[in-house]
1. Checking A:E204 against (1) open to solvent by less than 80 Å² (accessible area, probe 1.4 Å); (2) over 14 Å from the mean Cα position of the chain (by Cα); (3) of a type in the set (D, E, K, R), which test does it fail?
2. Take A:D158 and tell me if it is surrounded by fewer than 17 Cβ atoms within 10 Å (Cβ to Cβ), closer than 30 Å to B:V151 by Cα and not basic (K, R).
3. Please count how many residues of the stretch B:270-282 are open to solvent by less than 10 Å² (accessible area, probe 1.4 Å) and more than 23 Å from the chain's Cα centre (by Cα).
4. Mind listing whichever residues of the stretch B:223-268 are under 20 Å from B:M281 (Cβ atoms), open to solvent by 40 Å² or more (accessible area, probe 1.4 Å) and assigned to a loop (DSSP other than H, G, I, E, B)?
5. Check the stretch B:179-190 and report whether any residue there is surrounded by 18 or more Cβ atoms within 10 Å (Cβ to Cβ), within 13 Å of the chain's Cα centre (by Cα) and hydroxyl-bearing (S, T, Y).
6. Starting from the stretch B:120-144, take each residue that is free of Cβ contacts under 8 Å to residues at least 12 places away in the same chain and list its partners that are hydroxyl-bearing (S, T, Y), counting only C-beta distances under 7 angstrom and pairs at least six apart or across chains.
7. If I filter the stretch A:175-183 for residues that are aliphatic (A, V, I, L, M), open to solvent by 20 Å² or more (accessible area, probe 1.4 Å) and farther than 15 Å from A:L78 by Cα, do I get at least one hit?
8. Could you tell me which residue of the stretch B:142-170 is nearest to the other protein chains (Cβ to nearest Cβ), considering only residues that are more than 20 Å from the chain's Cα centre (by Cα), at negative phi and not hydrophobic (A, V, I, L, M, F, W, C)?
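The values are calculated or read from the model by the stated rules, or taken from the named source; none is laboratory data. These numbers come from a predicted model, not from an experiment. Reconstructed Cβ throughout: ideal geometry from the backbone, glycine too, with neighbour counts over all protein chains shown. Protein only, heavy atoms only, side chains kept; ligands, DNA and RNA dropped before computing areas. Shrake-Rupley method; radii C 1.70, N 1.55, O 1.52, S 1.80 Å.
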Amino acid sequence: MRRLRVSRLLLAGFAAVVYAFLLLPLLIVFPISFSSAQYLQFPPPGWSLQWYERYVDSPNWLEPTWLSLKVAVATMVLSLLVGVPLAFGLTRARFWGRDAFEKLTAAPIIVPTIVTSIALYGLFAQLRLIGAWYGIALAHTVLALPFVIVLVVAGLRDFDLNQELAARGLGASRWQAVWHVTLPQIRPSLVSAAFLAFISSFDELVVAMFLGGANMTLPKKMFDNIRMEIDPTIAAISSLQIVLVCALLALATRFGRGAGMTDR
Amino acid sequence: MKGVDLRIDSVAKHYGPVVALGGVSLTVAAGEFLTILGPSGSGKTTLLKVIAGFEYPDAGHIVVGGADITDVSPAKRNVGMVFQNYALFPHMTVARNVGFPLQMRGVPKPELRDRVFRALALVELQGYEERLPAQLSGGQQQRVALARAVVFDPTLLLLDEPFGALDRKLRESMQLEVRRLQRRLGLTTVFITHDQEEALVLSDRIAVMDGGVVRQVGTPDEVYERPADDFVAAFIGESNLLAGQVAGPDRVLLDGGASVTVTDLDGGKGRVRLLVRPEKMVIGPATNSFSGTVVEAVYLGQAHKLRVRAAGGIELLVRGDRPMEAGEEVTVGFAPQDAHVLRGSA
């Protein structure tokens, strides 16, 4: 009995430490974003919304934001369009070397990003894709694919193939069966995959630096800002980013619930 | 609505070196309830998948109502199937599950609603339209699966061990319900099971399968009373199989040394095996008597099952109506007309 209580306390303590480690940065960033000081200072000497105003009023910040959003959405859509069919192939088809091929799809996260970036720079320079937003989206799709594939493959492995057979026996074509029966049932995997693809692009710096040209994504703009004129605008943007990600996470949780599972 | 006939014509299917179906031919009459009975690995599920169109046969044809559908996609076969685990779509309500085959056929909304309602009424599930499958009991899920399989007026109904997951009492009532529904709709039905009792209760005819081939097709009493071979005899019900040599027009000399009288020899010669069902055995003197010792006695509720060891290494299963103790001396026997003669190699 006593032992049990001690181990529980230890577990709770450990969890608290992990949470503190994860959340403490937020406790610094949020207050600084509301700071009245002209430079990064903690604790803030007074309170003000000036950094949020500066962000919202400045095209220098808003343009990279829109660019990043555009690239992230495109990455999300592209990586699902490519990754989901690939995941179907990896789980359903029988061909020689399938397992090896599946492992190979993790390559983009194994190869250092800087290597991928340089290689893509060389290729995209020839294709005149440097500086184009869709070039960045293409590159981000490569980086996001492993997440999509791992999640969707796992979802499809848990899926009961008889469901699809039943649908086809009831009059559905192969596509209709996948659309009406399979995809809704692996929705949790699809939502998680979409979320991760979006975030991995929205947050990405290295590839964007190489391929962005004159175009600035938000992470690149932030990076430049830190190097040139460090001021709390960064904190304000970070706070907004965190809020955005939390909102997306909430949406993912809401719509990513297992199919057919009741609310019980 | 009227059922149509189904003809399975020398269907063969291999998986690599494994023969799943070794040339199966069967006919099912319009409106008939045919059970394919066999142990797991006998090929019965493969045969059902070939009929449904989920597996393509290496050879042979499936003919429904005179039309060869071997090359027709499952979606266009118009075959209703109830899967072993029902395969209800967990993300759809009962109404959407049952409406699915109609939706796929482009049936207009008002008609669809009407037909779903009637199908649910048929299985007595009115009022459950908006439930999800997870909110239903096993028996209710099965009814939904059944409604979904018949709502689009299929030409055939295929049932793949649908009662396996139900407890005994529910299973018995669902069996009767399926049979009632099938008769009412006049649906040609192929039912798959490994449960011989189920097969005997439900079927117009039974096809016993083993090793990818059909061993015997017949009515339940034919299959039970006059099995074609040892496998069928042993698979359906309990049996005593006594090997021996024909020694006269109505005499068989058993391997243990005993000589018995039978009526079923029809002038045959050579080695035979005699099948005597335990319930045909009597306790006490009979035309063919064996004295021995009870080695095991099991109380079954409505009867007592005895295992009796007699001279010559013969062991007999006997279904009796009075309790006995292991170790008791007993005389058991059977009448000449209660032995069924099996020929050919064991």
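1. Failed condition: (2).
2. For A:D158, the condition - surrounded by fewer than 17 Cβ atoms within 10 Å (Cβ to Cβ), closer than 30 Å to B:V151 by Cα and not basic (K, R) - is met.
3. Summing the residues that are open to solvent by less than 10 Å² (accessible area, probe 1.4 Å) and more than 23 Å from the chain's Cα centre (by Cα) in the stretch B:270-282 gives 3.
4. Result: B:R226, B:E238, B:D250, B:D255, B:G257, B:T263, B:D264.
5. Yes, that holds for at least one residue.
6. So the pair list comes out as B:Q135/A:T262.
7. yes
8. Here the residue is B:R148.
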